Amino acid sequence: MQRRELFSFLSLGSKEPKKEKIVRPPYVQDEKEFSLSCQKCDGKCATSCEEQIIVIGADETPRLNFSKSGCTYCDACALACEYGVLTLESKTRIDAEVIIDTSKCLSHQGVMCFSCKDPCLEDAIIFFAMFMPRINQDKCTACGFCMNRCPTYSIFINSGEKK
């Protein structure tokens, strides 16, 4: 083993793996019951999603993937749920915090870009001095439409819970 390989190997041990934020559909009432019931299901919530953002994870439970689109809160996944763990009565905002990485954001680099603001139906993205977008967390529904429209992928879901 060469010295460079040794130091690379040693540095890997000190890094903690980044915890992926699992974002659930906005109709979950009981996370424990949700996990148990969804593992028995054939994923009708995913096939009923108009935006095709519901994917079935390795743990056989549905999660949201905003890489191509966002959630319209259309209720189709809740209506398709056979086990009653996604219900219209449990409908809330998506439990996530959307963040802008200012080091990657074009607007924060002085380039005029409104790619994130245009698809935001809640007007939750506010531009200060035309070049500094911020997300108003009180207005943000975490629908994800801004994430897939960003040309530099500078908008992401925080790995912690929504504040």
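The values are calculated or read from the model by the stated rules, or taken from the named source; none is laboratory data. What you see is a predicted model; the values in this text were computed from it and never measured. Methodologically, a virtual Cβ is constructed for each residue, glycine included, from the backbone with ideal geometry; neighbour enumeration extends over all protein chains shown.
Could you look through segment 106-163, keep only residues that are among the hydroxyl-bearing types (Ser, Thr, Tyr) and on the phi < 0 side of the Ramachandran plot, and pick out the one that is farthest from the chain's Cα centre (by Cα)? So that I can check it myself, show each step before the final result.
Of all residues in segment 106-163, those among the hydroxyl-bearing types (Ser, Thr, Tyr) come to 107, 115, 141, 152-154, 159.
So of that shortlist, the ones also on the phi < 0 side of the Ramachandran plot come out as 107, 115, 141, 152, 154, 159.
Numbers: 107: 21, 115: 17, 141: 11, 152: 16, 154: 13, 159: 9 Å.
Per the criteria, the residue is 107.
Is it true that residue 105 is farther than 19 Å from residue 21 by Cβ and hydrophobic (A, V, I, L, M, F, W, C)?
Against the criterion (farther than 19 Å from residue 21 by Cβ and hydrophobic (A, V, I, L, M, F, W, C)), residue 105 qualifies.
Grab the strands (runs of 3 or more DSSP E) fully contained in segment 94-146, keeping just those with 2 or more residues being among the β-branched types (Val, Ile, Thr). Let's see the steps before the verdict.
Numbers: elements: 98-100, 125-128, 132-135.
Filter on segment 94-146 gives 98-100, 125-128.
I need the full set of residues from segment 105-161 which are of a type in the set (Val, Ile, Thr) and either closer than 21 Å to residue 91 by Cα or surrounded by 18 or more Cβ atoms within 10 Å (Cβ to Cβ) (or both), in order please.
Answer for segment 105-161, where residues must be of a type in the set (Val, Ile, Thr) and either closer than 21 Å to residue 91 by Cα or surrounded by 18 or more Cβ atoms within 10 Å (Cβ to Cβ) (or both): 125, 135, 141, 155, 157.
For segment 59-90, what are the residues that are surrounded by 15 or more Cβ atoms within 10 Å (Cβ to Cβ), under 26 Å from residue 156 (Cα atoms) and hydrophobic (A, V, I, L, M, F, W, C)?
Across segment 59-90, the qualifying residues are 64, 66, 71, 76, 77, 78, 86.
Tell me yes or no: at least one residue of segment 50-70 is among the aliphatic types (A, V, I, L, M) and assigned to a helix (DSSP H, G or I). Working first, answer last.
In the first step, residues of segment 50-70 are kept if they are among the aliphatic types (A, V, I, L, M); the result is 53-56, 58, 64.
Filter once more, so that each one left must be assigned to a helix (DSSP H, G or I): none.
No, because not a single residue in segment 50-70 is among the aliphatic types (A, V, I, L, M) and assigned to a helix (DSSP H, G or I).
Quick check: anything in segment 84-92 part of a strand (DSSP E or B), modelled with pLDDT under 95 and not aliphatic (A, V, I, L, M)?
no
Can you tell me which of (1) in contact with a Cys (Cβ under 6 Å, 6 or more places away or on another chain); (2) over 25 Å from residue 149 (Cβ atoms) is the one residue 28 doesn't meet?
All conditions are met except number (1).
Which condition number does residue 10 fail, the rest of (1) within 19 Å of residue 82 (Cβ to Cβ); (2) of a type in the set (A, V, I, L, M); (3) modelled with pLDDT under 90 being met?
The failed condition is (1).
Pull out all pairs, ordered by first then second residue, where Cβ-Cβ is under 9 Å, the residues are six or more apart or on different chains, the first lies in segment 118-142 and is small (Gly, Ala, Ser) and modelled with pLDDT of 95 or more, and the second is part of a loop (DSSP other than H, G, I, E, B) and surrounded by fewer than 12 Cβ atoms within 10 Å (Cβ to Cβ).
124/138
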